[in-house]
Amino acid sequence: MAAAVGRAVWPEIEKVEREKRRELVLQGPALDDKLRVGDGLLHPRLFSLTLLNYLEVSGCTELRAVQAELGLLIHLQNLILCRDQLSSLPPAVGDLRALRVLDVSGNDLEELPAELCQLPELCTLNVSWNRLRELPRDLQRCTKLAVLNLSRNLLTAFPPGFLCPQLALLATISAADNRIQELGGEIGLLPALKNLDLSNNQLTEIPYELADCSKLKEMNFKGNKLNDKRLEKMVNGCQTKSVLEYLRVGGRGGGKGKTNAEKEEVKDKKKKRERKQKKDSGGGEEDEAEEVNKMMLRILHISENPAPLAVSVSPSTKEVRPYIVCCVVKGMNLKPGNSLKRFLTAQTKLHEEICEKRTLATIATHDLRLVRGPLLYDARPPKEFKVIPLGRKEINANDLVRQLQFDAEEQRKQKKRQNVSGLHKYLHLLDGKENYPCLIDAENTVISFPPITNSDKTKIRKTTCNLFLEVTSPTSLQVCKDVIDTLIKKMAELNKFTLENKEEEVLSDSELDADCGLPEPTTNQNSELESASQLVVEQVRVADMEGNLKVLYPSKTDLNFNSSLFMVVR
């Protein structure tokens with residue numbers, strides 16, 4: 001600690017002190033340089049910022065430990081220490097009695113301090129992508145816990161007595177990719193459980209008590225070698241409701257007759273046999289087409305596309321937000337009922353979850369008819385480019401960020417809140433950046449300003465059926481691919497839902513007016529997309545300024561869904 005005392009105060013800390021801010025975000029290469037000077041320790045002045053309620057220190061390769069003085073930040077509600085190199089957490093974390101969110105994902109933690117169990121307000125705990133072999137024994141004392149992410153660790157079991165009625169708010173447990181060997185019947189004691197992911201573990205049994213979780217909507221047990229092979233097949237291909245029904249009657253042999261799920265399985269086998277017989281006799285074409293169209297994704301290769309969209313990447317993005325993956329998706333039906341609202345809500349949810357509040361990646365979706373290619377992904381000084389944000393007038397990027405910062409502070413004061421909300425909470429992701437990333441079309445118009453907003457010029461509307469998708473990230477190319485994979489899967493599910501519910505198509509006058517003058521898809525495109533359960537995904541090539549390929553999406557390794565609900569035709 002003595003080595004750190006004489007260090008110059010970091011400008012970010014001085015700014016928070018001077019303006020009495022309640023949020024501090026530290027991340028990126030510039031922070032690594034400061035940490036090297038201070039022997040890998042955070043500046044001691046940071047721990048005098050006792051008004052802080054949000055602290056984020058992320059993406060720092062030099063941060064391997066946090067000082068015990070962390071416990072002085074008694075008003076802290078959100079502590080984000082993700083994607084660093086932490087090998088331990090100080091016991092003083094137990095002094096943060098107001099803490100609601102703790103995210104230490106993507107580190108090298110092998111254990112968590114027992115004092116973690118002393119946090120009475122803790123709602124979200126994310127310890128994924130570490131090396132944990134066990135959890136603190138008294139974690140059930142965190143009675144307000146609602147979201148628990150344990151994925152990608154080395155856990156072999158949950159702590160004894162952890163799954164208990166005291167965790168009355170626990171709604172989500174993500175524990176995929178561990179070594180968990182047993183799930184006890186006490187799982188049925190969690191009254192609020194909605195989502196359970198135990199895929200890719202070492203389970204041999206699923207307790208029938210799981211069927212007592214009345215609110216359970218989504219569960220994943222894929223990748224486990226279950227003793228009950230029928231159940232193993234069901235968890236790989238059936239809906240949660242069917243699996244729970246099977247468990248409710250005690251599994252195989254649990255009742256005298258067959259369950260409805262078993263009957264459906266028998267029917268499916270019978271239909272498959274009939275289809276095979278028809279195919280052998282030359283009469284199965286219609287059934288085969290029906291099977292394919294259940295939820296089909298067809299890949300259109302760039303060599304098959306007479307006018308493919310292309311993206312060039314400027315070297316200036318390397319220091320700001322270097323990774324981008326794009327593609328075109330055709331065949332979305334956003335006209336009926338609330339289909340557009342569902343799509344936008346799904347995108348927001350992905351930003352909150354898989355994108356980790358836009359810190360890992362940002363999604364932008366555009367109406368393809370309004371995109372003028374080729375495109376350039378660039379990074380420019382914020383005073384030198386303008387954008388038309390969604391629902392706003394044209395403004396240069398620098399003024400937009402300042403205006404949003406002002407709006408955020410005014411909104412926070414009016415509502416007497418400690419944290420900002422909405423679009424404003426992502427502004428800190430641009431802190432310390434000399435250049436801002438932007439995607440520019442052939443008319444030199446900025447159509448996207450990640451991670452803040454995309455342009456009103458290319459916004460999605462109910463009449464949109466062909467979309468240009470763009471995912472950017474400061475972290476890695478694989479993150480972009482994972483996010484866009486998930487987005488396309490969600491789009492296919494939403495399209496299927498719209499088709500099955502047969503909602504009425506209603507367009508307002510303003511929507512019809514806004515669509516006037518836009519080119520319609522060609523006849524060939526319409527014939528390709530006449531099945532509402534099919535989406536066509538067109539490859540988009542991203543290259544550097546010399547034309548060297550950086551990424552072509554989707555490739556053979558992308559969109560490999562392990563699901564009986566999808567069929568990807570390449």
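Please identify the trypsin sites (Lys or Arg not before Pro) of the stretch 323-390 that satisfy two criteria: DSSP loop assignment and at most 16 other Cβ atoms within 10 Å. Which are they?
Values: sites: 330, 341, 342, 349, 357, 358, 369, 372, 383, 386; in loops: 357, 358, 372.
Sites meeting the loop and neighbour criteria: 357, 372.
Roughly speaking, what % of Cα-Cα pairs in the stretch 21-153 are separated by over 25 Å, rounded to a whole number?
18 percent
Using mean Cβ contacts within 10 Å as the protection proxy, how do 105-111, 542-548, 452-458 order, highest first?
Going by the mean number of other Cβ atoms within 10 Å, highest first, we get 452-458, 105-111, 542-548.
Please state, as a whole number in µm²/s, the translational diffusion coefficient that the Stokes-Einstein equation yields for the stretch 172-252 at 4 °C and 1.567 mPa s, with Rh defined as the Kirkwood radius across alpha carbon pairs.
It diffuses with D of about 105 µm²/s by this estimate.
If you average the C-alpha positions of the stretch 116-183 and of the stretch 34-67 separately, how far apart do those two centres end up, in angstrom?
With the stretch 116-183 and the stretch 34-67 each reduced to a Cα centre, they are spaced 26 Å.
If each residue's Cβ is checked for other Cβ atoms within 10 Å, how do 17, 56, 304 rank with the fewest at the top? Please list the in-between numbers first.
Working: 17 16, 56 20, 304 10.
Lowest count first: 304, 17, 56.
Taking the Cβ of each residue in 204, 317, 359 as the centre, tally the other Cβ atoms inside 10 Å and list the residues starting with the fewest.
204, 317, 359
Give me the distance in nm between label points sitting 7 Å out from Cα along the Cα-to-Cβ direction at residue 301 and residue 69, one decimal.
Between residue 301 and residue 69, the label points sit 6.1 nm apart.
With charges only on Cβ, +1 for K and R and -1 for D and E, what is the dipole size of the stretch 86-179 about its Cα centre, in debye, rounded to 20?
Result for the stretch 86-179 is approximately 220 debye, rounded to the nearest 20.
Gain in length, residue 500 to residue 85, computed as 0.36 nm per residue apart minus the alpha-carbon separation, to one decimal in nm?
144.7 nm
Find, to one decimal place in angstroms, the Kirkwood hydrodynamic radius of the stretch 2-251, where the mean of 1/r is taken over every pair of different Cα atoms and then inverted.
Kirkwood radius, the stretch 2-251: 19.5 Å.
Could you put 436, 208, 54 in order, starting from the residue whose Cβ has the fewest other Cβ atoms within 10 Å? If you can, show how the numbers build up before the last one.
Working: 436 26, 208 17, 54 21.
Fewest to most other Cβ atoms nearby, the residues stand as 208, 54, 436.
Read the figures in this text as sums done on the coordinates, not as results from a lab. Note that the structure is predicted; figures quoted are calculated from it, not measured. Virtual Cβ from ideal backbone geometry, glycine too; neighbours counted across all protein chains shown.
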